[in-house]
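Read through the structure below, which is laid out as structure tokens, and then see the notes.
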Amino acid sequence: MSDPFAQFKATYIAECLELLADMEEKLMGLDASADTETLNAIFRCAHSIKGGAGAFGFTNIASFTHVLEALLDNMREGKITPTPESVDCLLRARDVVMQMILAAQAETTLDPAYGADVLAELAAFTPGATPPAAAASASTAAAESGGGQKQFVVSFKPHPAMIANGNEPLLLLRELSGLGEATIHADVSNVPPLDAIELENCLISWRIEIATHKSKADLLEVFEFVDTECDLSIEEKAVEVLAPI
């Protein structure tokens, strides 16, 4: 059976190549006087690549761009001023991501240590940045102990034009599911009879119950670029604690 996400994956890779070209162009002119709009645009490139990587299971891309995104986030918030050294590191990081994307496109595997030197440099520029390996270990330890896990209910109702605007709801659900243990319920009550369906319209909404060690902000981040194209609510559920008998 063919991969039902193959077409979306090809679209994601094509978009990544465009984003990386745009990122390179903007980084080439980046200096201490960079305006917020430029920094936001570069950040969005990295954020979009990271989000799609998580949806398709490209863990190496997601882990690497997580640290790249952290440095760019600090820059756009004014916590770090771009310097020739940090911009050079960002350019080399962009090249690493490009090779990872090309490997994903060719369905080949890079050495697990590929880009580790650049990743360490990115982390060094970013105060408080947690290397992906350390973050994964901490997450695993928390999961094993059961500590810190929260229960959320997500209501996600795309506007009809979301798909026509180039956003695929199923990829968002897939990315969200990667943040914890999710139970997804589809509401098809607004779907008309087959002969009246307009294929470009999204008429399904979803209710997702998710148990996760992530925060509400992490869940909201999944929908960051479609927040004007859907009705969304994320509420934390109180976890019932049984009194000892």
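Data overview
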item: Pairs from Lys157/Lys237; Lys50/Lys157; Lys26/Lys79; Lys26/Lys157; Lys26/Lys237; Lys79/Lys216 whose Cα-Cα separation, in the structure shown, is over 31 Å; result: Lys26/Lys157; Lys26/Lys237
item: Within the accessible area of the chain (1.4 Å probe), percent carbon and sulfur; result: 54
item: Heavy atoms of His185 accessible to a 1.4 Å probe, total area in Å² rounded to 10; result: 80
item: GNM result for the chain, Cα springs below 10 Å: residue of Pro169, Pro84, Pro193 fluctuating most strongly; result: Pro193
item: Solvent-accessible area of Phe8 with every protein chain in place, 1.4 Å probe, in Å² to the nearest 10; result: 70
item: Range of Cα positions in the chain per principal axis (Å), largest first; result: 58, 57, 39
item: Selection from Ala123, Thr81, Ala103 lying farthest towards where the dipole of the range 70-126 points positive, charges on Cβ; result: Thr81
item: The range 178-229 - Rg over Rh from alpha carbon coordinates, Kirkwood radius; result: 1.08
item: The range 54-66 - phi-based ³J(HN,Hα) in whole Hz, Karplus 6.51/-1.76/1.60, Gly and Pro as x; result: x, 5, 9, x, 7, 5, 5, 5, 4, 5, 5, 5, 4
item: Average accessible surface area per residue within the chain, 1.4 Å rolling probe, Å²; result: 56
item: Gain in span if fully extended, Ala161 to Ala6, counting 0.36 nm per residue against the direct Cα distance; result: 53.6 nm
item: Within the chain, helix-based [θ] at 222 nm, where runs of 4 or more DSSP H residues each add -39,500 (n - 2.57), nearest 500; result: -17000 deg cm²/dmol
item: Nearest 10 degrees, 0 to 90: helix 132-145 Cα axis against the chain principal axis; result: 30
item: Rough spin-label spacing in nm, given labels placed 7 Å along Cα→Cβ, for Ser233 and Ala41; result: 3.8
item: The chain, relative contact order in percent, only Cα pairs under 8 angstrom and at least six apart counted; result: 19
item: Euclidean distance between Cα centres, the range 10-33 to the range 85-102, Å; result: 10
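The values are calculated or read from the model by the stated rules, or taken from the named source; none is laboratory data. Small disclaimer: the values here were computed from a predicted structure and weren't measured. Here the Cβ is made from the backbone with ideal geometry for all residues, glycine too, and neighbour counts use every protein chain on show. These accessible areas exclude ligands, DNA and RNA; they are computed on the full protein's heavy atoms, side chains included. Shrake-Rupley method; radii C 1.70, N 1.55, O 1.52, S 1.80 Å.
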